[in-house]
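The values are calculated or read from the model by the stated rules, or taken from the named source; none is laboratory data. In this text, all values refer to a predicted model and were calculated from it rather than measured experimentally. Every residue, glycine among them, receives a Cβ derived from its backbone with ideal geometry; neighbour counts consider all protein chains shown. Protein only, heavy atoms only, side chains kept; ligands, DNA and RNA dropped before computing areas. Shrake-Rupley method; radii C 1.70, N 1.55, O 1.52, S 1.80 Å.
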Amino acid sequence: MFVPGLIERKRDGGALLADEWRELVAAFQDGQVPDYQMAALLMAVFFRGLTREETAALLDAMVGSGSRLDFSHLGVPVIDKHSTGGVGDKVSLVLAPLAAACGLAVPMMSGRGLGHTGGTLDKLESIPGFRTGLSLDETRAQVERIGVAMIGQTPEIAPVDKRLYAMRDVTATVECVPLIACSIMSKKLAEGLGGLVLDVKQGSGAFITDAERSLELAQTMIRLGEDRGCPTVALLTAMDRPLGRACGNALETEEAIMALRGEGPEDVVEETVALAVEMLAVGTRTQGHRGTGGEREGHGRRRQTAVPANRPAGVDRAALERRVLDALASGKAAEKFQQVIEAQGGNPAVVEDPSLLPQAKEVEVYYAPKGGTILRVEPRIIGRAIIEMGGGRTRADDDVDPTVGFVITARPGQPVHTSEPVASIFARDRAGIDLGRRALDRAIVIGEGKAEALPLVSARVTAQGVEQLA
Ligand code: URA
């Protein structure tokens, strides 16, 4: 294989054949293609893009680089959710146990903080003892036993994605629709899912801030999933302000627990319920489902196969929503989270008593410096400040302090008076408090006039098209 020729063709706007992508990925995995050639090719892809056929071929080669889980014997829909990442996005912590409490099997594979965004694994690890590094065998056994596992990418799952992702991170080639789509979908398809719900963030705090490109990302991932027999839908959700009030690992875990106990902020609960309904709706497109009324009694032994992607939805969303709200109100979702924590080595008592989570040494209230209307709460500034305060990473091997962050009660559109409390800063020392204060001075924009905020859930995207929800 003459790799410079492939790089040259992509650089000049041509396309590689499916066989060429397959051979290239295999040779890269075997160490026959050096990192510098792959990095050059990634940059060419960044500028020239990939055709549909190339995207599909790269995805298949990435999935094929590792193992695939198989849950087809469970007899219940196996569904996951993936978010494209945001600030204050603790939805996964609520959603995975909630969806499992509603009868789905959820092998949820998440990531760590990336760029200015937080990561589910870091949030979960703020629970004393919680272990996210389960093996594939442990994951399989846990999903069979309690219906849900919350884990990180194992070495067996799409290992080429892990290497390519690390390379893209240091070569400024992350923000590329086909590369993001292949990266995310390679891991999701390797999970052996019967369906997938994507939470595609829009707005200034999203990775892809341009609305058209975030829709293109959603549609690319949906096509890749559907073409491989994995029913896939996306909700487009707001990331022009942090989600909920808490930002920072332990603070977000506490807020997620409050949401599971029925005391969560409205936006966190609304978005989580909307995603849970989509997971159940996608689940109805796989055989072996028990219908919208009943509870699963166990993980039986029936075969699950996807029905054709173009089958009309015909889903009673109101009934699904009642089922989701009942799982929250009855305490079943909170109980499921306790089971997950216990199964993964953590202290389940945090669900009853969130004060068992690690606590910041310094806490200070932040007061509005002037009166007016809250025009914006800028998520990127908040996310970056948390990293600088020690709550995120600037290098892959950095330790994360789970205690630092913010609780921001100010919402866009809300009127405030001078000196009204609008946030709290959680830090490990005085320098952290000062840093947090300076960040809030820039992030919370107070002025006159009307705040412009995106609808929390603006659209549902399916293989059939885009349905506006707000
Ligand atoms: N998350 C991923 O897993 N991959 C990307 O490329 C971007 C976000």
Contour minus Cα-Cα distance for residue 227 and residue 47 (0.36 nm per residue): 62.2 nm
According to the square roots a ≥ b ≥ c of the eigenvalues of the Cα gyration tensor, what is the shape class of the chain, taking rounded for a/c under 1.5, prolate for a/b larger than b/c otherwise, and oblate for the remainder? oblate
Of every Cα-Cα pair in the range 354-470, the percent that sits beyond 26 Å: 35 percent
Taking 0.36 nm per residue of sequence separation and subtracting the Cα-Cα distance, how much length would be gained by fully extending the chain between residue 420 and residue 367, in nm to one decimal? 18.6 nm
Roughly speaking, what is the centre-to-centre gap between the range 336-404 and the range 213-266 when only Cα atoms are used, to the nearest Å? 17 Å
Classify the range 315-374 as rounded, prolate or oblate, taking a ≥ b ≥ c as the square roots of the eigenvalues of its Cα gyration tensor: rounded when a/c is under 1.5, otherwise prolate if a/b is larger than b/c and oblate if not. oblate
Once the range 110-155 is represented by equal point scatterers at the alpha-carbon sites, with solvent omitted, what log10 I(q)/I(0) does the Debye formula produce at q = 0.18, 0.20, 0.32, 0.34 Å⁻¹? -0.56, -0.67, -1.14, -1.17
Explain nothing, just the number: relative contact order of the range 142-287, from Cα pairs under 8 Å at least 6 residues apart, as a whole percent. 22 percent
Residue by residue through the range 377-387, which ³J(HN,Hα) values in whole Hz follow from phi under the Karplus form 6.51 cos²θ - 1.76 cosθ + 1.60 (θ = phi - 60°), with glycine and proline marked x? 10, 7, x, 4, 5, 5, x, 5, 5, 4, 4
Between residue 469 and residue 442, with labels modelled 7 Å along Cα→Cβ, what's the label distance in nm to one decimal, could you check? 3.3 nm
What is the distance in Å between the Cα centroid of the range 48-70 and that of the range 405-470? 37 Å
Do you know the relative contact order of the range 1-137, to the nearest whole percent, from alpha carbon pairs under 8 angstrom that are 6+ apart? 18 percent
About the Cα centre of the chain, what is the dipole size in debye to 20, counting +1 per Lys and Arg Cβ and -1 per Asp and Glu Cβ, all else neutral? 540 debye
Any idea what the relative contact order of the chain is, in percent, if you count C-alpha pairs under 8 Å spaced at least 6 apart? 19 percent
Once phi for every residue in the range 7-14 is put through the Karplus expression 6.51 cos²θ - 1.76 cosθ + 1.60 (θ = phi - 60°), the whole-Hz ³J(HN,Hα) values, with Gly and Pro written as x, are 4, 4, 5, 5, 4, 8, x, x
Residues of the range 178-193 with amide N under 20 Å of the 7 Å Cα→Cβ point at residue 68: 181-193
Computed [θ] at 222 nm, helices only, for the chain once each DSSP H run of length n ≥ 4 contributes -39500 (n - 2.57): -13000 deg cm²/dmol
Hey, what does the equivalent ellipsoid look like for the range 92-187, semi-axes from the Cα gyration tensor as sqrt of 5 times each eigenvalue, largest first, whole Å? 25, 15, 13
Whole-Hz ³J(HN,Hα) for each residue in the range 47-57, computed from phi via Karplus 6.51 cos²θ - 1.76 cosθ + 1.60 with θ = phi - 60°, x for glycine and proline: what do you get? 7, 9, x, 10, 6, 3, 5, 5, 4, 5, 5
Roughly to the nearest percent, how much of the accessible area of the chain is carbon and sulfur, given a 1.4 Å probe? 50 percent
How much length would be gained if the chain were fully extended between residue 167 and residue 322, taking 0.36 nm per residue of separation minus their Cα-Cα distance, in nm to one decimal? 51.3 nm
Cross-link list 123/187; 123/450; 201/332; 123/162: which exceed 26 angstrom alpha carbon to alpha carbon? 123/450; 201/332
Under a point spin-label approximation (7 Å from Cα along Cα-to-Cβ), what is the residue 355-residue 429 distance to one decimal in nm? 2.8 nm
At q = 0.20, 0.22, 0.25 Å⁻¹, what log₁₀ I(q)/I(0) does a Debye calculation on the Cα points of the range 68-137 give, no solvent, two decimals? -0.94, -1.08, -1.24
